[in-house]
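Visitor: The structure is given below, and queries will be raised subsequently.
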Amino acid sequence: MPPTSTTQPDVARGGTAGPPAPVGPPPRRSSGRAWEWSLAALLLAPNLVLLVVFTYRPLLDNIRLSFTDWNISAPVANPVGVANYVEWFGREDTRTVLGNTLVFTVATVGISMALGLGLAVLLDQRLRGRNLVRSAVFAPFVISGAAVGVAFQFVFDPSFGLVRDLLARIGVEAPDFYQRSGWALFMVTFTYIWKNLGYTFVIYLAALQGRRADLDEAAEIDGASPWTHFRKVLLPQLRPTTFFLSITVLLSSVQVFDIINVMTRGGPVGDGTMTLVYQVYRETFVNQRAGYGATVATVMFLILLLVTVVQVRIMDRGQRS
Amino acid sequence: MTARAHGAEAASHRSRGMTVAGYAGMVVVLLVVGVPLFWIVITSLKERGDIYVQPAQWLPDPGTTANYRDVTTRIPFLDYFRNSVIITLVLSASKIVLGVISAYALSLLRFPGRNVVFLVVIAALMVPNQITVISNYALVAQLGWRNTFQGIIIPLAGVAFGTFLMRNQFLSLPGEIIEAARLDGAGPIKLLWRVVLPMSWPTLVAFSLITVVNEWNEYLWPFLMSDDQRTAPLPVGLTLLQNNDGVTNWGPVMAGTVLAMLPVLVLFLVLQRQMIKGLTAGAVKS
């Protein structure tokens with residue numbers, strides 16, 4: 001029994017440890033402690049080891065690799081200082097990649113949140129068949145991105161696809177989604193939103209169902225128009241959900257790889273749908289420049305961190321006012 | 001009095017407009033979601049020649065199941081399917097077990113540094129896969145684990161979200177019941193198995209479903225780790241099928257896509273309530 005064991009409970013009960021858990025055991029004889037600690041260590045060790053080895057170690061290692069000139073199959077990585085970062089900031093394709101990532105992310109986050117919220121408000125009403133439609137909106141979310149990508153490749157096929165056929169019926173010639181950069185970016189954005197809309201929808205719907213009914217009644221009695229009701233009653237109550245979604249949807253849409261890899265491989269011709277994530281993959285595994293790939297990954301991580309911090313700040317300010 | 005009557009009138013007005021918008025929205029949603037799915041299924045049932053005609057045929061004439069036969073006999077589709085089942089089962093089982101025991105330790109056991117450990121676990125949620133793949137790929141390749149199941153499974157087995165979810169669930173259980181069980185002399189294993197888990201069943205089911213769906217759909221890591229039919233899972237296999245030759249033969253590929261989508265869609269339709277519960281837990285309140 002280590003001598004510290006008798007002082008430990010006081011430290012644990014101190015202010016730094018956060019609120020005490022409601023179901024924790026009561027203070028026990030000190031002989032119970034060592035046994036409890038070793039059980040905790042035993043239960044937590046496998047998960048902690050996996051997270052440390054496969055999440056935290058590579059996170060740090062990636063930063064080290066970003067300062068090297070490394071071919072991923074070579075045994076040794078040569079340090080090159082900040083050369084990769086200098087190259088990244090100076091390269092012509094960087095602006096294209098950042099632009100694509102920005103357009104894709106802003107479009108997917110904005111549109112899927114707005115549509116998800118709109119659908120949630122509509123399908124929150126008592127309508128016949130709403131359960132069927134709720135399931136339909138959510139169903140694509142459980143399908144794999146790769147399968148959706150394969151399927152939508154044929155939906156957008158320039159010669160025999162569904163989109164071409166539908167447009168032809170109204171007398172419009174479909175663009176070649178695979179040869180024109182802007183249309184290719186539109187295509188992957190559409191596909192992503194189609195697949196993931198169910199997520200924002202379901203989260204908003206759950207939040208709406210947990211809202212305060214008395215506020216709705218008050219608004220009705222005051223004769224508020226639907227728009228006023230939405231803006232003044234619903235939106236403020238949904239603020240925490242909106243914040244949660246803005247972070248989780250942003251993180252997942254910045255990271256999208258499957259749909260782009262399956263549909264366009266970063267193309268067409270050049271970098272039409274090349275995003276930061278796809279650039280990490282291409283530089284590391286196709287161009288065999290893992291050092292440069294690690295640099296792009298580090299830059300991406302820093303951007304994500306910055307954006308998340310800014311989002312939290314905005315949320316804080318919104319809550320105070 | 002008049003103000004209230006006016007209000008009621010406006011409210012009924014409001015609900016009529018909203019009802020119309022609601023039904024219109026429902027029709028649009030069914031079309032946008034349903035038509036591409038219908039198109040995919042229809043294509044998978046068409047004879048080869050009928051796929052490549054303009055204007056498109058909206059009903060197969062005549063229908064054929066040849067594409068399904070082709071994709072399962074001529075191509076190693078069943079191998080990919082089997083690999084997916086193996087990877088999903090093993091990975092989900094490990095994640096569920098690790099999530100439950102980690103959450104149990106973090107919520108019902110007292111030990112120094114508990115909050116730090118919890119922070120280490122949930123902070124992992126913020127680390128994108130794309131940052132870790134380069135270094136992990138090098139490590140796994142060094143171990144000679146490319147194109148092996150352990151190479152695909154072990155690096156993905158750490159569980160942050162599930163730990164968070166189950167810990168919150170365990171903390172919400174009534175303390176008196178747990179105390180009573182302890183006073184009755186239940187050891188930690190008996191307490192977990194007989195008291196804590198039975199009371200947490202709905203959350204555990206939701207967590208398990210979300211995990212199974214996620215692992216079935218996992219793409220980036222298996223794509224990097226595996227490029228042959230002995231270990232590649234379905235999402236990777238599908239894209240390998242597609243790139244077989246220069247021109248994609250869409251019939252069998254669409255049949256394969258339907259077969260890849262079907263298991264999760266059926267699972268979802270049967271158990272959607274639980275799945276949605278797992279997804280929304282922690283997202284809505286506070």
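Visitor: Please return the ranges of helices (runs of 4 or more DSSP H) entirely within segment B:122-207 where 2 or more residues are of a type outside the set (Phe, Trp, Tyr) and surrounded by fewer than 19 Cβ atoms within 10 Å (Cβ to Cβ).
Guide: Where helices (runs of 4 or more DSSP H) fall fully within segment B:122-207 and carry at least 2 residues being of a type outside the set (Phe, Trp, Tyr) and surrounded by fewer than 19 Cβ atoms within 10 Å (Cβ to Cβ), they are B:129-142, B:161-171, B:175-183.
Visitor: Quick one: which of B:Ala105, B:Ala24 is at pLDDT 80 or above, more than 30 Å from A:Phe201 (Cα to Cα) and assigned to a helix (DSSP H, G or I)?
Guide: Of B:Ala105, B:Ala24, the one residue that is at pLDDT 80 or above, more than 30 Å from A:Phe201 (Cα to Cα) and assigned to a helix (DSSP H, G or I) is B:Ala105.
Visitor: If you don't mind, another one. Which residue pairs have Cβ atoms closer than 6 Å, lie 6 or more positions apart in sequence or on different chains, and pair a first residue in segment B:135-148 that is closer than 13 Å to A:Val53 by Cβ and free of Cβ contacts under 8 Å to residues at least 24 places away in the same chain with a second residue that is surrounded by 17 or more Cβ atoms within 10 Å (Cβ to Cβ) and among the polar types (S, T, N, Q)?
Guide: Taking only residues 6 or more apart or on different chains, the pairs are B:Ser135/A:Asn62.
Visitor: Provide a single number: the residues in segment A:70-96 that are over 30 Å from B:Gly158 (Cα atoms) and within 14 Å of another protein chain (Cβ to nearest Cβ).
Guide: Going through segment A:70-96 one residue at a time, the tally reaches 1.
Conditions (1) at the interface with chain A (Cβ under 7 Å from one of its Cβ atoms); (2) buried (at least 24 other Cβ atoms within 10 Å of the Cβ), marked per residue:
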{"residue": "B:Leu220", "(1), (2)": "yes, no"}
{"residue": "B:Arg230", "(1), (2)": "no, no"}
{"residue": "B:Leu234", "(1), (2)": "no, yes"}
{"residue": "B:Ala255", "(1), (2)": "no, yes"}
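Visitor: Just one of (1) within 28 Å of A:Val103 (Cα to Cα); (2) within 11 Å of chain B (Cβ to nearest Cβ) trips up A:Gly210, so point out which.
Guide: Here A:Gly210 clears every test but (1).
Visitor: Within segment B:93-128, work out how many residues are polar (S, T, N, Q), within 24 Å of the chain's Cα centre (by Cα) and facing chain A (nearest Cβ under 7 Å).
Guide: Adding up the residues that qualify gives 1.
Visitor: On to the next question. Evaluate segment B:46-64: report whether one residue or more is under 30 Å from A:Arg130 (Cβ atoms), more than 9 Å from chain A (Cβ to nearest Cβ), in a loop (DSSP other than H, G, I, E, B) and in contact (Cβ under 8 Å) with a residue 12 or more places away in the chain.
Guide: Taking every residue of segment B:46-64 in turn, at least one turns out to be under 30 Å from A:Arg130 (Cβ atoms), more than 9 Å from chain A (Cβ to nearest Cβ), in a loop (DSSP other than H, G, I, E, B) and in contact (Cβ under 8 Å) with a residue 12 or more places away in the chain.
Visitor: Go through segment A:285-303 and count every residue that is over 17 Å from A:Pro58 (Cα atoms) and hydrophobic (A, V, I, L, M, F, W, C).
Guide: Residues flagged as over 17 Å from A:Pro58 (Cα atoms) and hydrophobic (A, V, I, L, M, F, W, C) within segment A:285-303 amount to 2.
Visitor: List, please: which pairs have Cβ atoms under 8 Å, are six or more places apart or on different chains, and start with a residue in segment B:65-84 that is surrounded by fewer than 16 Cβ atoms within 10 Å (Cβ to Cβ) and end with one that is of a type in the set (Ser, Thr, Tyr)?
Guide: Correct list of pairs: B:Leu78/B:Thr72.
Visitor: Among A:Arg282, A:Arg231, which is at pLDDT below 90, of a type in the set (Lys, Arg) and either over 18 Å from the mean Cα position of the chain (by Cα) or in a helix (DSSP H, G or I) (or both)?
Guide: A:Arg231
Visitor: Suppose we filter segment B:148-194 for residues that are of a type in the set (S, T, N, Q) and under 20 Å from the mean Cα position of the chain (by Cα); how many remain?
Guide: 1
Visitor: For segment A:234-276, what are the residues that are within 21 Å of A:Leu197 (Cα to Cα), touching a residue at least 24 places away in the same chain (Cβ under 8 Å), aliphatic (A, V, I, L, M) and in a helix (DSSP H, G or I)?
Guide: A:Leu234, A:Leu245, A:Ile247, A:Val249, A:Leu250, A:Leu251, A:Val254, A:Ile259, A:Ile260, A:Val262, A:Met263
Visitor: From the set of residues in segment B:203-218 that are among the polar types (S, T, N, Q) and away from chain A (no Cβ under 12 Å), which is farthest from B:Ile153 (Cα to Cα)?
Guide: B:Thr203
Visitor: Let me ask something else. Considering only helices (runs of 4 or more DSSP H) fully contained in segment A:1-91, which possess at least 1 residues that are within 30 Å of B:Pro174 (Cα to Cα), at pLDDT 90 or above and not polar (S, T, N, Q)?
Guide: In segment A:1-91, the matching helices (runs of 4 or more DSSP H) lie at A:30-51.
Visitor: Name the residues in segment A:165-189 that are in contact (Cβ under 8 Å) with a residue 24 or more places away in the chain and under 24 Å from B:Gln57 (Cβ atoms), would you?
Guide: Listed by number, the residues that qualify are A:Tyr178, A:Met187.
Visitor: For segment B:85-106, which positions are touching a residue at least 40 places away in the same chain (Cβ under 8 Å) and closer than 17 Å to B:Leu262 by Cβ?
Guide: Correct list: B:Thr88 only.
Visitor: Within segment A:125-154, take every residue that is among the charged types (D, E, K, R) and closer than 17 Å to B:Gln272 by Cβ and give me the one that is surrounded by the most Cβ atoms within 10 Å (Cβ to Cβ).
Guide: Looking at the filtered set, the residue picked out is A:Arg134.
Visitor: Residue under question is B:Ile210, and the condition is that it be buried (at least 22 other Cβ atoms within 10 Å of the Cβ), in a helix (DSSP H, G or I) and either in contact (Cβ under 8 Å) with a residue 12 or more places away in the chain or not charged (D, E, K, R) (or both); does it hold?
Guide: yes
Visitor: Any idea how many residues of segment A:56-88 are surrounded by 15 or more Cβ atoms within 10 Å (Cβ to Cβ) and small (Gly, Ala, Ser)?
Guide: Count: 3.
Visitor: Still on this model: Filter segment B:15-31 down to residues that are at the interface with chain A (Cβ under 7 Å from one of its Cβ atoms) and farther than 19 Å from A:Ser225 by Cβ and give me whichever is surrounded by the fewest Cβ atoms within 10 Å (Cβ to Cβ).
Guide: B:Leu30
Visitor: With the requirement that a residue be at the interface with chain B (Cβ under 10 Å from one of its Cβ atoms) and farther than 30 Å from A:Phe186 by Cβ, what does segment A:270-321 give you?
Guide: Across segment A:270-321, the qualifying residues are A:Ala290, A:Gly291, A:Ala294.
The values are calculated or read from the model by the stated rules, or taken from the named source; none is laboratory data. In this text the structure is predicted, and so the values were computed from the model without any measurement. Cβ atoms come from the backbone with ideal geometry, glycine included; neighbour counts cover every protein chain shown.
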